[in-house]
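The values are calculated or read from the model by the stated rules, or taken from the named source; none is laboratory data. Quantities reported herein were computed from a predicted structural model and do not represent experimental measurements. Neighbour counts are summed over all protein chains in view; Cβ atoms, including those assigned to glycine, are modelled from backbone coordinates with ideal geometry. These area figures cover heavy atoms from the full protein model, side chains too; ligands, DNA and RNA do not enter into them. Shrake-Rupley method; radii C 1.70, N 1.55, O 1.52, S 1.80 Å.
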Amino acid sequence: MATDSTPAPRRGQLPLKLRGGKTDVRGQFAALCWRRTADGEVEVCLITSRRTKRWIVPKGWPMHKQTPAEAAATEAWEEAGLTGRPVDRCLGVYSYVKPLSKRTTPVVVMVYPLEVMEVSSDWPERRERRRKWFPLQAAASKLAEPALRRIVEHFDPTGL
């Protein structure tokens, strides 16, 4: 039990520190940003990538002293202007090859749900990306990565 002089134990997932060389497989954390419509249907928010403008989910590299879900929530704010309740439960994993300045690197992405509570009209990357809300099946059909498409198709927030 925590007292005034000791910090409360942290529940859920702890921050992760991923090590490896720049040519190794790298890890990222993504946010599956979702909300319910007035009629109770689930929608997810997709954003466009900076370079190719294809539809993706917000994602990024691990962040110091943040859990994977917290890092995914930070990316949702920076890339899509969305804030909400992140959940420390990985929905699934997908991979892709990220083009870097002089080479490419394989990336494995862990996806975490973020129930969106607020949608901002002003956010850090608003001039670089589009964001749009889609029903689950429509969102899945817009995604290029098959494993991410399956994660979105089968997403059910019941019990989160």
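Output yes when any residue across segment 16-31 is modelled with pLDDT under 95, in a strand (DSSP E or B) and either within 11 Å of the chain's Cα centre (by Cα) or of a type in the set (Ser, Thr, Tyr) (or both), and no when none is.
Of segment 16-31, the ones modelled with pLDDT under 95 are 16-27.
Those left that are additionally in a strand (DSSP E or B): 26-27.
With either within 11 Å of the chain's Cα centre (by Cα) or of a type in the set (Ser, Thr, Tyr) (or both) added as a condition, the list becomes none.
No; the residues of segment 16-31 include none that is modelled with pLDDT under 95, in a strand (DSSP E or B) and either within 11 Å of the chain's Cα centre (by Cα) or of a type in the set (Ser, Thr, Tyr) (or both).
What strands (runs of 3 or more DSSP E) completely inside segment 80-160 contain at least 2 residues that are over 19 Å from residue 63 (Cα atoms)? First the steps, then the outcome.
Values: elements: 82-86, 92-99, 104-119, 131-135.
Of the strands (runs of 3 or more DSSP E) lying wholly inside segment 80-160, those with at least 2 residues that are over 19 Å from residue 63 (Cα atoms) span 92-99, 104-119, 131-135.
Given 103, 85, 89, which one is farther than 16 Å from residue 48 by Cβ and in contact with an Asp or Glu (Cβ under 6 Å, 6 or more places away or on another chain)? Full working, then the answer.
Working: 103 fails: in contact with an Asp or Glu (Cβ under 6 Å, 6 or more places away or on another chain); 89 fails: in contact with an Asp or Glu (Cβ under 6 Å, 6 or more places away or on another chain).
Answer to the check: 85.
Here is a list of conditions, (1) touching a Ser or Thr at 6+ places or on another chain (Cβ under 6 Å); (2) of a type outside the set (Asp, Glu); (3) surrounded by fewer than 21 Cβ atoms within 10 Å (Cβ to Cβ), and residue 147 meets all of them except one; can you say which number that is?
For residue 147, the exception is condition (1).
Out of all the residues in segment 37-50, which are touching a residue at least 24 places away in the same chain (Cβ under 8 Å) and either under 16 Å from residue 116 (Cβ atoms) or not polar (S, T, N, Q) (or both)?
So the first thing to find is which residues in segment 37-50 are touching a residue at least 24 places away in the same chain (Cβ under 8 Å), and the list is 41-50.
Passing the criteria: 41, 42, 43, 44, 45, 46, 47, 50.
So, in segment 101-136, how many residues would count as being open to solvent by 20 Å² or more (accessible area, probe 1.4 Å) and more than 18 Å from the chain's Cα centre (by Cα)?
Number of matching residues: 7.
Under the condition of being at pLDDT 95 or above and open to solvent by 40 Å² or more (accessible area, probe 1.4 Å), which residue from segment 38-52 is nearest to the chain's Cα centre (by Cα)?
41
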